[in-house]
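> Quick one: structure below, then a few questions.
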Amino acid sequence: VQLQASGGGLVQAGGSLRLSCSASVSGFNTVAMGWFRQAPGKEREFVVGISRRFYTTYYADSVKGRFTISRDNAQAMVWLQMNRLEPEDTAVYFCAGDRNAGSGETDPTKYNFWGQGTQVTVSS
């Protein structure tokens, strides 16, 4: 499985960005997907997950109400719409996947497939 994340950039606080993650994999509907982020000097943290077929979602408290994850199994794509961005959201964002993880899996070690990361910088 190969994951390719894109869509990061520099935005002012209060602005929006939309991240994309494309997957080259057969049976994408058997892969639970998630977004993680890692700020300099910090551990990689869970942002949001989405289940394989019923698209059940699970959000970190820090992004609830601001971020929205979606996926399209036919296109093998996952998106992360980020609104009302805050400087604290600045990080490298990674899409991740695993055939056994649930949508609420927050432990990054449980995900076997990772994209290369895309930088999101929010200025104050």
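> Using Cα pairs closer than 8 Å and at least 6 residues apart in sequence, work out the relative contact order for the chain, in percent.
After rounding, I find 37 percent.
> A follow-up question, please. Distance between Cα centroids, segment 81-119 to segment 39-70: provide it in whole Å.
Taking the Cα centre of segment 39-70 as reference, the centre of segment 81-119 is 7 Å away.
> Could you look at segment 71-124 and say what percent of its accessible area is carbon and sulfur, using a 1.4 Å probe and all protein chains?
Reported share for carbon and sulfur atoms: 46 percent.
> Using θ = phi - 60° and the Karplus form 6.51 cos²θ - 1.76 cosθ + 1.60, what ³J(HN,Hα) does each residue of segment 110-124 get, whole Hz, x for Gly and Pro?
Residue by residue, segment 110-124 yields 8, 9, 8, 10, 9, x, 7, x, 9, 7, 10, 10, 10, 8, 8 Hz.
> From the phi of every residue in segment 97-106, what ³J(HN,Hα) in whole Hz does the Karplus formula 6.51 cos²θ - 1.76 cosθ + 1.60 yield, where θ is phi - 60° and glycine or proline is x?
Per-residue couplings from phi come out as x, 7, 7, 10, 6, x, 5, x, 6, 9 Hz.
> Still on this structure: Taking only protein heavy atoms and a 1.4 Å probe, what accessible area per residue, in Å², does the chain have with all protein chains in place?
Per residue, the chain has 50 Å² of solvent-accessible surface.
> Tell me, what ³J(HN,Hα) does each residue in segment 31-37 have, in order and in whole Hz, if you take phi through Karplus 6.51 cos²θ - 1.76 cosθ + 1.60 with θ = phi - 60° and put x for Gly and Pro?
10, 6, 10, x, 10, 10, 9
> Please compute the modelled spin-label separation between N100 and T68, points set 7 Å along Cα→Cβ, answer in nm with one decimal.
3.4 nm
> Out of segment 1-46, which trypsin sites (Lys or Arg not before Pro) are coil in DSSP terms and have no more than 13 other C-beta atoms within 10 Å?
K42
> Additional query: How many nm is it between the label spots at N112 and A39, if each spot is 7 Å from the Cα in line with the beta carbon?
Distance between the two pseudo-spin positions: 3.3 nm.
The values are calculated or read from the model by the stated rules, or taken from the named source; none is laboratory data. Quantities reported herein were computed from a predicted structural model and do not represent experimental measurements. No Cβ is skipped: glycine too gets one built from the backbone with ideal geometry, and neighbour counts run over all protein chains shown. For accessibility, only protein heavy atoms count, side chains too; no ligands or nucleic acids. Shrake-Rupley method; radii C 1.70, N 1.55, O 1.52, S 1.80 Å.
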